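Here the structure comes first, spelled out in structure tokens, and everything after it is commentary.
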Amino acid sequence: MTATKDALLPAGTTPPASARVGPAKRRWSAERITPYVLLLPAVAAVLVLLGWPTVQMLGISVRQLDLRELVTGKTVWVGLKNYTDVLTDPEFWTVAVRTVGFTALLVAATLLVALLIAVLMRHLNPVLRICVQVSLVLAWAVPVIATTTVFQWIFDQQYGILNKTLDRLGFHSFIGYSWFSTGTSTLVVIGLLVLWQAVPFVAFTLYAGLIGVPREQYEAAGIDGAGPWQTFRAVSWPAIRPILTMVTFLSVLWDFNMFGQVWAIRQGGPDGASTTLAILQYLKGIAGSHFGSAAAIATIMLVLLLAVTARYVQLLVRTKDGEIT
Amino acid sequence: MKRWLKLAAGAAAITLATAGCAGSGGGDDASGSGGGQGSTLTVWLMTGSAPDSLTTALDKEFEAAHPGVKVDFQIQQWNGIQQKLTTALASDTPPDVIEVGNTQTPAFASQGVLADLSGDVQSLNGAQWLAGLKASGEYEGKTYGVPFYAASREVVYRKDMFEQAGITKPPASNQEWLDAIAKLKAKFGSDPEFQPLYLPGQNWYALLSFIWDNGGDIAKAEGPNFKSTLDSAGAKAGLDFYKQLVAASGTTAPKDNDEANPQQAGIYGGGKVAMFVGTPSELPTAAETDPGITAKTGAFPIPSRTAGKSAPVFLGGSNLVVPVNSKNTDLAKDYLKLLTSAKYMTQLAAAGAVPGTSTDVSALSKDPLGAVMAQTSKNGRAVPASPKWGEVESGQNPLKDMLTAYLTGKKNLDQATADANTALDKIIGG
Amino acid sequence: MRKSRTQRVTLSVAGVLVALVFLFPTYWMFTTALKTPGEILSPKFDLFPSSATLANFASALTKPGFVTYLGNSLIVTLGAVLAALVVGVLAAIPLARFRFRGRKGFLLLILVAQLAPLSALFIPMYLLMRDLGLLNTLPSLLLVYFATSLPFTVWMLYGFVNGIPYDLEEAAMIDGCSRTGAFRRVTLPLLGPGLVTTSVFSFITAWNEFLFALVFMRDQSKQTLPVWLSSFRTAFSVDWGGVMAASVVYAIPALVFFLIVQRKLVSGMTAGAVKG
């Protein structure tokens, strides 16, 4: 395996300037078609299996599509009515602001916790590091449905181990304390659940980035008399920045669209105070059978998400593109 | 467009196949179920509805009577049923007979996705249909749903504890109920884990009884539309009585959750609870913890404010429907005819349900808990027959939020009922 | 840089805390699965189990259909993972090794393709599968899981291929290998850890999916494990012990998969190829 490692080590640092086919002119035309042939399966799959449903969703958003229309296959165009209905509902704006805020806080928390753990792993002795890694892997491997159930049970008002433990520790006011009495505390519990599920992936990714930095660079910084914080700023940070961009993009995506966990915990309650856009979309679409309005909400979500992530998409495409041209 | 799509996806499938990693051939089984040439009748019932022995015998008898027809019987689970039904109805070969919750039936009926069974009511034993369910299967004068079975809530109690506390007969009015709670508390209250009545904050089925008993209702019909009436005096009185019960009992049940989370019967099985409001079918759950509890358990109807009467109860249950797109409508009706016959309805009653198409409840009444239900279900009522009511239950139920807000003291009576009224109007109003 | 004693102790304490926090829910799932219904609904403080019963596991495993569901889940999940890897590698090669028109457009496509909420796509996807005649067949699920993990897979694998110096392939070509041969003999073996790292992600995504599995598969005999797991909840009751035991059982294949790949996982990530 050492051979693999040696061969791979320069990966992070060497820009593959030589990794290119010779001048295109000298090659015959088959060479020019090759990339397209190789890309074809991926493009076809993405277009048919993701692109087409997305286009359909856009189409549904300007139609009235209730159960009746869905079953009979009748097409009823209503123009932008679904959009005006959604956008003129004050509840929608409350929910939209809540969703954006929740996503922002959650992503920030995920990145921060994961970064701290990644740095910690780098400095731990091997035995403890493996313990931490195993616990992270376990948390990551346990299926989402199972974790969600366990969290519900841990936070149960009467029989949850959390309240029982807090009571034992002397905080007797937590006997029968309801973690779901307000939207904020409900969202905090959901946030903890998501953190627990999402941090391992991000932490591992960042950790990989951190140990990709050659030791000499740290040693050099040490000789120059830089403290831990300066070393981090000067050496680690530049190494993990591109990774951060990617995991931020992915986290925003996942947290913004997250449905299962939010619904499972309290169905967006109490009083709709933990309802996010994904929940609203579900309430309209499935619970209310108004698939047109639901598609309109989903489209608005898509646009919002595009607006939020545009910068990341740009950054990501540019770095990737820059690597070769 | 469709053909283009098929081609494109076909190409993608070929790419996958040549890459050596396509899933094992599914092309053949695609036609295997779901209808074929009308030789397969697909039936979907919900989990826990009918005992296995009943459905096995039923399918066997049906197949014997219809040579060449196979019954494809599938049990569905509650989780995600809304999505499953929605998409199944939109498929080319929907199931032929489906069990649909009675509160969901109007939603499907109003969308024109169910077959009109008005002409078959007579042959399906229509004269004996359970009144509370019958109404939920009707929409604009036509019949779309055949009553299947129902259940209602009653007060399940520990006979031995009542005896020890000196309560000689089950409470027959609200006052007597509160008195019984006080007596139980006096007798067993030294045990901090003891609860005279386990009542979680969101048992809205119990709340319905109290609201109706006080002359209120959830909503009233205004022509074809509905207007919620949760801010009426009756509704407020019902909600207030709920709080009185919770306070009198000092129940430690969660105020922010319903009777299923955690399941109340499991807690009753722990032996520290004297009463809970539930259905007879919950008792086996308690017996899992303590097998001896069944013998010590009795039941009485939910008391009324008027002495000697019992409160109206919510009739929960299911209807059987035939999707309008079914390819086997005649076979489906034959199947319904068999299922609604006295023979199978009796089996259903023996299994502890109020039968939907038979007035004969003797099999149910053999069980002490069932006997109470058989009696109270005659006084059974339903939620507003609004096509939008389904959304209340499959989405965010304002009644549950109202209960939690009032019981935890977050809102006062007027505020809680007014907010819930607005929220409910937003769903079913107009 | 030597660390002082206090520093090392602080670090160790932090490490232990992190490990405990991340272990706890798994621990709790496991111990709850070992309790009787009475113990689960007991108000007593029970952080450490006093007794253990295997009844929940027995009832979970004997619930009809478990083996079928497990098989279906494995077929669909592993199939989707493999498909995504193959198509992903094919796409990663031109991205890393060729300069061609439309490259940027493709990168943009796979980033944007992941943005739409899946819960909103399920009706269009259902209609698509219906029109393709794939409903109620395992390939329909396989295709959906393959598609949802493909963008991520392409993105990651591109980074990995890019990280393997092209010089190695060139050297092989000088030795007489064809271009394809050079890629197969030199780059592909080096790609091992990258393939593993990527597959973990697709595996988890597919292994967990509930909604599409429930809706696409009409026959119970074609359901997958997440659907099986949710059947422990009925309308009026939740069998907590059963749910927890089933969750443990359900997590085991995912854990096994992790254990098989874990050595490569860390080295794969170490390769720095996850670089954005």
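The values are calculated or read from the model by the stated rules, or taken from the named source; none is laboratory data. Worth saying up front: this structure is predicted, and the values here are computed from it rather than measured. In this analysis, Cβ positions are derived from the backbone assuming ideal geometry, glycine residues included, and neighbour counts consider all displayed protein chains.
Return the residues of segment B:274-308 that are within 24 Å of the chain's Cα centre (by Cα), charged (D, E, K, R) and surrounded by fewer than 22 Cβ atoms within 10 Å (Cβ to Cβ); say none if nothing qualifies.
B:E288
Regarding C:L255, is this residue surrounded by fewer than 22 Cβ atoms within 10 Å (Cβ to Cβ), at the interface with another protein chain (Cβ under 8 Å from one of its Cβ atoms) and within 20 Å of C:T205 (Cβ to Cβ)?
So C:L255 fits the description; yes.
Return the total of residues in segment A:114-144 being touching a Gly at 6+ places or on another chain (Cβ under 8 Å), within 21 Å of C:W28 (Cβ to Cβ) and in contact (Cβ under 8 Å) with a residue 12 or more places away in the chain.
Residues in segment A:114-144 being touching a Gly at 6+ places or on another chain (Cβ under 8 Å), within 21 Å of C:W28 (Cβ to Cβ) and in contact (Cβ under 8 Å) with a residue 12 or more places away in the chain: 2 in total.
Among (1) surrounded by fewer than 20 Cβ atoms within 10 Å (Cβ to Cβ); (2) among the hydrophobic types (A, V, I, L, M, F, W, C); (3) over 30 Å from C:T153 (Cα atoms), where does A:I211 come up short?
The single condition A:I211 does not satisfy is (3).
Looking for whichever is farther than 27 Å from B:F194 by Cβ and free of Cβ contacts under 8 Å to residues at least 60 places away in the same chain here; the options are B:D290, B:D330. Which one fits?
On the way: B:D290 fails: farther than 27 Å from B:F194 by Cβ.
On inspection, the qualifying residue turns out to be B:D330.
Of the conditions (1) under 30 Å from B:P398 (Cβ atoms); (2) crowded, with 19+ Cβ neighbours inside 10 Å, B:F162 fails just one. Which one is it?
That leaves (1) as the condition not met.
Restricting to strands (runs of 3 or more DSSP E) lying wholly in segment B:174-260: which have 2 or more residues that are within 14 Å of chain A (Cβ to nearest Cβ)?
In segment B:174-260, the matching strands (runs of 3 or more DSSP E) lie at B:195-198.
How about segment A:1-39: which of its residues are surrounded by fewer than 18 Cβ atoms within 10 Å (Cβ to Cβ) and modelled with pLDDT of 55 or more?
If the condition is that a residue be surrounded by fewer than 18 Cβ atoms within 10 Å (Cβ to Cβ) and modelled with pLDDT of 55 or more, then A:W28, A:S29, A:A30, A:E31, A:R32, A:I33, A:Y36, A:V37 are the ones that fit.
Does segment C:78-116 hold any residues that are over 22 Å from C:F203 (Cβ atoms) and not aliphatic (A, V, I, L, M), and which are they?
C:P94, C:R97, C:F98, C:R99, C:F100, C:R101, C:G102, C:R103, C:K104, C:G105, C:F106
Return the pair list, or none, for Cβ contacts closer than 6 Å from residues in segment A:178-198 that are away from chain B (no Cβ under 14 Å) to residues that are part of a loop (DSSP other than H, G, I, E, B), at least 6 apart or on different chains.
A:L187/A:S274
Every residue in segment A:77-98 that is without any contact (Cβ under 8 Å) to a residue 60 or more places away in the chain and of a type in the set (V, I, T), please.
Across segment A:77-98, the qualifying residues are A:T84, A:T88, A:T94, A:V97.
Using the structure shown, decide if B:V313 is farther than 21 Å from B:Y268 by Cβ and either touching a helix residue (DSSP H, G or I) at 6+ places or on another chain (Cβ under 6 Å) or crowded, with 17+ Cβ neighbours inside 10 Å (or both).
No.
Are any residues in segment B:403-430 β-branched (V, I, T), farther than 20 Å from B:A247 by Cβ and surrounded by fewer than 21 Cβ atoms within 10 Å (Cβ to Cβ), and if so, which ones?
B:T422
Go through segment A:50-76 and report how many residues are among the aliphatic types (A, V, I, L, M), within 21 Å of C:T148 (Cα to Cα) and surrounded by fewer than 23 Cβ atoms within 10 Å (Cβ to Cβ).
Result for segment A:50-76: 2.
Scan (1) under 20 Å from B:Q202 (Cβ atoms); (2) more than 14 Å from chain A (Cβ to nearest Cβ); (3) free of Cβ contacts under 8 Å to residues at least 60 places away in the same chain; (4) in contact with a helix residue (DSSP H, G or I) (Cβ under 7 Å, 6 or more places away or on another chain) for the single condition B:E282 breaks and write down its number.
It is condition (3) that B:E282 fails.
So, in segment C:127-168, how many residues would count as being over 18 Å from C:V200 (Cα atoms) and facing another protein chain (nearest Cβ under 8 Å)?
Looking only at that region, the number is 20.
Restricting attention to segment C:39-87, and to residues there that are within 7 Å of another protein chain (Cβ to nearest Cβ) and touching a Gly at 6+ places or on another chain (Cβ under 6 Å), which single residue is farthest from C:F183 (Cα to Cα)?
C:L41
Any residue at all in segment C:43-52 that's outside any helix (DSSP H, G or I), over 30 Å from A:L116 (Cβ atoms) and among the acidic types (D, E)?
yes
So, in segment B:55-70, exactly how many residues are within 30 Å of A:S289 (Cβ to Cβ) and buried (at least 21 other Cβ atoms within 10 Å of the Cβ)?
The number of residues fulfilling the criteria is 0.
Can you name the condition, by its number, that C:A182 falls short on among (1) within 8 Å of chain A (Cβ to nearest Cβ); (2) more than 30 Å from B:T93 (Cβ to Cβ); (3) not polar (S, T, N, Q)?
All conditions pass for C:A182, except number (1).
Within segment B:90-101, can you find the residues that are within 14 Å of A:G73 (Cβ to Cβ) and either more than 7 Å from every other protein chain (Cβ to nearest Cβ) or buried (at least 23 other Cβ atoms within 10 Å of the Cβ) (or both)? Even if it seems obvious, please write down each step before you answer.
Let us first name the residues in segment B:90-101 that are within 14 Å of A:G73 (Cβ to Cβ), namely B:90-92, B:94.
Once the filter is applied, which keeps residues that are within 14 Å of A:G73 (Cβ to Cβ) and either more than 7 Å from every other protein chain (Cβ to nearest Cβ) or buried (at least 23 other Cβ atoms within 10 Å of the Cβ) (or both), segment B:90-101 yields only B:P94.
Counting residues that are at the interface with chain C (Cβ under 10 Å from one of its Cβ atoms) and surrounded by fewer than 22 Cβ atoms within 10 Å (Cβ to Cβ), which helices (runs of 4 or more DSSP H) fully inside segment A:217-325 reach at least 2?
The qualifying helices (runs of 4 or more DSSP H) are A:228-231, A:237-257, A:260-266, A:291-322.
Working carefully through the options C:L95, C:L121, C:L108, C:L142, find the one that is assigned to a helix (DSSP H, G or I), without any contact (Cβ under 8 Å) to a residue 60 or more places away in the chain and either charged (D, E, K, R) or crowded, with 23+ Cβ neighbours inside 10 Å (or both).
It is C:L121.
Specify the residue that is farthest from B:S341 (Cα to Cα); the eligible residues are those in segment B:165-189 that are touching a Leu at 6+ places or on another chain (Cβ under 8 Å) and surrounded by fewer than 22 Cβ atoms within 10 Å (Cβ to Cβ).
So the residue we want is B:A165.
Tally up the residues in segment A:186-237 that are under 30 Å from A:I154 (Cα atoms) and among the β-branched types (V, I, T), please. Explain how you work it out, then say what you get.
Taking segment A:186-237 and keeping what is under 30 Å from A:I154 (Cα atoms), we get A:186-207.
Right, trim to among the β-branched types (V, I, T) and you get A:186, A:188-190, A:194, A:199, A:202, A:205.
Result for segment A:186-237: 8.
What is the one condition in (1) more than 10 Å from chain A (Cβ to nearest Cβ); (2) within 30 Å of C:S59 (Cβ to Cβ) that C:E209 does not satisfy?
(1)
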